[in-house]
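A short worksheet on the structure shown next.
The values are calculated or read from the model by the stated rules, or taken from the named source; none is laboratory data. Everything quoted here is computed from the prediction, not taken from an experiment. Don't worry about glycine lacking a Cβ; one is built from the backbone with ideal geometry, like all the others, and counts go over all protein chains shown.
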Amino acid sequence: MLNKITEIKKAKRRNKYFNIFVNGIYAFSCSGSFLSEHDINTDTEISEDKFSELKNRLFFDKSKEYLFNILEKRDYTESELRNKLGLRDVPQNIQNELIEYFKKKKFINEEQFLRNYISYLIKCNKYSKQEIRKKIFNKGFLSEFKDISEKIINDIDEFKIIMHIYEKLIKTRSKKQILIYLARKGFIYESIGKVTKTLNEEEL
């Protein structure tokens, strides 16, 4: 069955976009460049397969523009990007194509993002190794980078972080309250014990 482009109207809210009507019914909106690229004109007849292909290309182009916009502001994991595309009803095959496109363009580099993210968390000087692992898990970093994250995390000196937290909180909390707080945050007891020993020696 052939579909016919019956009308092309300029969109009211988006200056560079046009509303496309197929068989008298609104079908989709697209940019002027998309019209030219795919030779879409009034009275053009297209097959069902071609119509489906056009809609997929349009999905790809609009989603690509969306990803450019959000990646310009900050980095995302592949999992986060797929979740955002899923919320916009982007089909799985187009999601795959988009992710590969952005990887090739080096706009998605999950390993580097992981390293930068862990570095940021360490510089915050308030998270335990356990908390950092949880944040990495919640971000949805690919499992293939787990060995990299574990190597960096295992090298973290929790003693310095605990001392920073202690010196910040001792003005408003008791030593016992701080130690309970540190334990709840997931700092290992060995590190907490080392800090406690150091503080006791300083008080002597």
Inset, instruction - Having 3 or more residues that are of a type in the set (D, E, K, R) and farther than 30 Å from Arg57 by Cα is the bar; report the helices (runs of 4 or more DSSP H) wholly within region 97-204 that clear it. - result: 129-139, 146-154, 158-169, 175-184, 189-203
Inset, instruction - Kindly list, by first and then second residue, each pair from a residue in region 132-144 that is over 18 Å from Leu81 (Cβ atoms) to a residue that is crowded, with 16+ Cβ neighbours inside 10 Å, limited to pairs with Cβ atoms under 6 Å and residues at least 6 apart or on different chains. - result: Ile132/Leu121; Ile132/Ile153
Legend entry - Criterion: free of Cβ contacts under 8 Å to residues at least 40 places away in the same chain and farther than 30 Å from Phe28 by Cα - qualifying residue of Glu97, Glu111: Glu111
Legend entry - Any pair with Cβ under 9 angstrom, 6 or more apart, that starts in region 24-36 at a residue that is among the aromatic types (Phe, Trp, Tyr) and ends at one that is part of a helix (DSSP H, G or I): Phe28/Leu54; Phe28/Lys55; Phe28/Leu58; Phe34/Leu54; Phe34/Arg57; Phe34/Leu58; Phe34/Asp61
Inset, instruction - Restricting attention to region 63-86, report how many residues are in a helix (DSSP H, G or I) and acidic (Asp, Glu). - result: 3
Inset, instruction - Identify, by number, the condition in (1) surrounded by fewer than 16 Cβ atoms within 10 Å (Cβ to Cβ); (2) in contact (Cβ under 8 Å) with a residue 12 or more places away in the chain; (3) outside the structural domain of Lys168 (by TED's automatic domain parsing); (4) assigned to a loop (DSSP other than H, G, I, E, B) that Asp89 doesn't meet. - result: (2)
